[in-house]
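Colleague: Structure in structure tokens, see below.
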Amino acid sequence: MSVSIKSAREIELMRAAGKILAKVHENLGKELKEGMSTLEIDQLGEEIIQSYGCIPSFKNYNGYPASICVSVNDEVVHGIPTKKRLLVEGDIVSLDIGVIYKGYHSDAARTHGIGEISKEAALLIERTRQSFFEGIQYAKEGYHLHKISNAIAAYAESFGYGVVQDLVGHGIGTRLHEDPQIPNFTQKSRGVRLKAGMTLAIEPMINAGRFDVEWQNDNWTVVTQDGSLSAHYENTILITSGEPEILTLTESEAVSCG
Ligand code: MF3
Ligand code: CO
């Protein structure tokens, strides 16, 4: 395994890509409403990405047929947008978006509620977000990767949630998926030692019920086996000699983070 260390120039480009992706999420998140199809979300998202001079990195990635992954309720990740799926009040919708800016990738996910959602759903979304921040307390030069995984898992599991194991976070840069893999569940081995200049996509996927997932017949959509709700929260981050830099937050998210 070799984990790339980005140069100062590359870091600038990763920052620029991340800023744009934060804006894409902000703009698209505001448009979600009851009655909208998941295909409309994809089309609007693709337009927003292109308006910033970026390419949607998921499109055609390993044959993925859309620009954005839209996963509703018990869908964990990689939901394929379709005109048949209309959002209704109470749904929770995970948007996973990747952009390429001047050859550099950025990847981030957010879960939104449509109209009024259950208390259970709102807590799942908030705790999934918080699990990311618990993890990145250990995203520091000199620490080994397992500390991040273990912190995410310990936090999520303290609520009885299931931490998805079949999908993981990843290094990111000139490719969407680089080394290392970044599990969100408890690790036995300590993994790679973090160094300044590494850029990582950390993405807890948390189920309200058990951790088990399965793939639907489209070979993409991942759903919870027990039908429970699932939430996803992801940012692309930069390891520095001090605190990690989160590259995919909007200004208002950056103010209220942690
Ligand atoms: N955030 C996801 C990942 O890191 C998105 C990939 S979706 C795909 O794997 F369509 F591009 F495969
Ligand atoms: Co990712």
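Every number here is computed from the coordinates shown, using simple stated rules; none is lab data. Because the structure is a prediction, the values reported are computed rather than measured. No Cβ is skipped: glycine too gets one built from the backbone with ideal geometry, and neighbour counts run over all protein chains shown.
Colleague: For segment 131-142, give me the residue count where each residue is crowded, with 18+ Cβ neighbours inside 10 Å and touching a Leu at 6+ places or on another chain (Cβ under 7 Å).
Modeller: 1
Colleague: Another question, then. Residues THR174, THR236: which one is assigned to a loop (DSSP other than H, G, I, E, B) and of a type in the set (Val, Ile, Thr)?
Modeller: Numbers: THR236 fails: assigned to a loop (DSSP other than H, G, I, E, B).
Only one candidate qualifies: THR174.
Colleague: Output yes when any residue across segment 28-36 is crowded, with 22+ Cβ neighbours inside 10 Å and over 28 Å from TYR161 (Cβ atoms), and no when none is.
Modeller: The answer is no; no qualifying residue exists.
Colleague: How many residues does segment 90-107 hold that are of a type outside the set (Phe, Trp, Tyr) and more than 16 Å from ILE41 (Cα to Cα)?
Modeller: First, pick out the residues of segment 90-107 that are of a type outside the set (Phe, Trp, Tyr): 90-100, 102-103, 105-107.
Those still in the list that are more than 16 Å from ILE41 (Cα to Cα) too: 90, 100, 102-103, 105-107.
Residues flagged as of a type outside the set (Phe, Trp, Tyr) and more than 16 Å from ILE41 (Cα to Cα) within segment 90-107 amount to 7.
Colleague: Let me ask you something else. If only one of ALA201, ALA151, ALA156 is buried (at least 17 other Cβ atoms within 10 Å of the Cβ), within 16 Å of ligand 1 (Cβ to nearest atom), of a type outside the set (Phe, Trp, Tyr) and on the phi < 0 side of the Ramachandran plot, which one is it?
Modeller: Details: ALA151 fails: within 16 Å of ligand 1 (Cβ to nearest atom); ALA156 fails: within 16 Å of ligand 1 (Cβ to nearest atom).
That would be ALA201, the only listed residue that is buried (at least 17 other Cβ atoms within 10 Å of the Cβ), within 16 Å of ligand 1 (Cβ to nearest atom), of a type outside the set (Phe, Trp, Tyr) and on the phi < 0 side of the Ramachandran plot.
Colleague: Residues of segment 44-71 being more than 25 Å from LEU87 (Cα to Cα) and touching a residue at least 40 places away in the same chain (Cβ under 8 Å), which ones?
Modeller: TYR52, GLY53, CYS54, ILE55, TYR61, listed by residue number.
Colleague: Scan segment 109-128 and give yes if some residue there is in a helix (DSSP H, G or I) and within 15 Å of ligand 2 (Cβ to nearest atom), otherwise no. Working first, answer last.
Modeller: Of the residues in segment 109-128, the ones in a helix (DSSP H, G or I) are 119-128.
Applying the additional criterion that residues be within 15 Å of ligand 2 (Cβ to nearest atom) yields 128.
Scanning segment 109-128 turns up at least one residue that is in a helix (DSSP H, G or I) and within 15 Å of ligand 2 (Cβ to nearest atom).
Colleague: Still on this structure, I have one more. Would you please name the residue that is nearest to ligand 1 (Cβ to nearest atom), looking only at residues in segment 86-120 that are touching a residue at least 24 places away in the same chain (Cβ under 8 Å), surrounded by fewer than 23 Cβ atoms within 10 Å (Cβ to Cβ) and more than 17 Å from GLY29 (Cα to Cα)?
Modeller: Ranking the qualifying residues of segment 86-120, first place goes to ILE100.
Colleague: Do you know which of the residues in segment 207-230 that are acidic (Asp, Glu) and assigned to a loop (DSSP other than H, G, I, E, B) is surrounded by the fewest Cβ atoms within 10 Å (Cβ to Cβ)? Show your work before the answer.
Modeller: Of segment 207-230, the ones acidic (Asp, Glu) are 212, 214, 218, 226.
Filter again for assigned to a loop (DSSP other than H, G, I, E, B), leaving 212, 218, 226.
Details: ASP212: 14, ASP218: 11, ASP226: 14.
Ranking the qualifying residues of segment 207-230, first place goes to ASP218.
Colleague: Separate question: For segment 231-249, indicate whether the set of residues that are surrounded by fewer than 17 Cβ atoms within 10 Å (Cβ to Cβ), more than 16 Å from the chain's Cα centre (by Cα), touching a residue at least 60 places away in the same chain (Cβ under 8 Å) and within 19 Å of CYS69 (Cα to Cα) is non-empty.
Modeller: Among the residues of segment 231-249, not one is surrounded by fewer than 17 Cβ atoms within 10 Å (Cβ to Cβ), more than 16 Å from the chain's Cα centre (by Cα), touching a residue at least 60 places away in the same chain (Cβ under 8 Å) and within 19 Å of CYS69 (Cα to Cα), which makes the answer no.
Colleague: Also, quick follow-up: Out of everything in segment 173-207 that is in contact with an Asp or Glu (Cβ under 6 Å, 6 or more places away or on another chain) and within 11 Å of ligand 2 (Cβ to nearest atom), what residue ends up being nearest to GLY135 (Cα to Cα)?
Modeller: Checking each candidate, the answer is GLU203.
Colleague: For ASN150, all conditions in the list (1) within 28 Å of TYR104 (Cα to Cα); (2) not in a strand (DSSP E or B) hold save one; what is the number of the exception?
Modeller: (1)
Colleague: For segment 71-85, give me each residue that is within 12 Å of ligand 1 (Cβ to nearest atom) and either assigned to a loop (DSSP other than H, G, I, E, B) or among the hydroxyl-bearing types (Ser, Thr, Tyr) (or both). Break it down stepwise before answering.
Modeller: Taking segment 71-85 first, the residues within 12 Å of ligand 1 (Cβ to nearest atom) are 71, 76-81.
Those that are within 12 Å of ligand 1 (Cβ to nearest atom) and either assigned to a loop (DSSP other than H, G, I, E, B) or among the hydroxyl-bearing types (Ser, Thr, Tyr) (or both): SER71, HIS78, GLY79, ILE80, PRO81.
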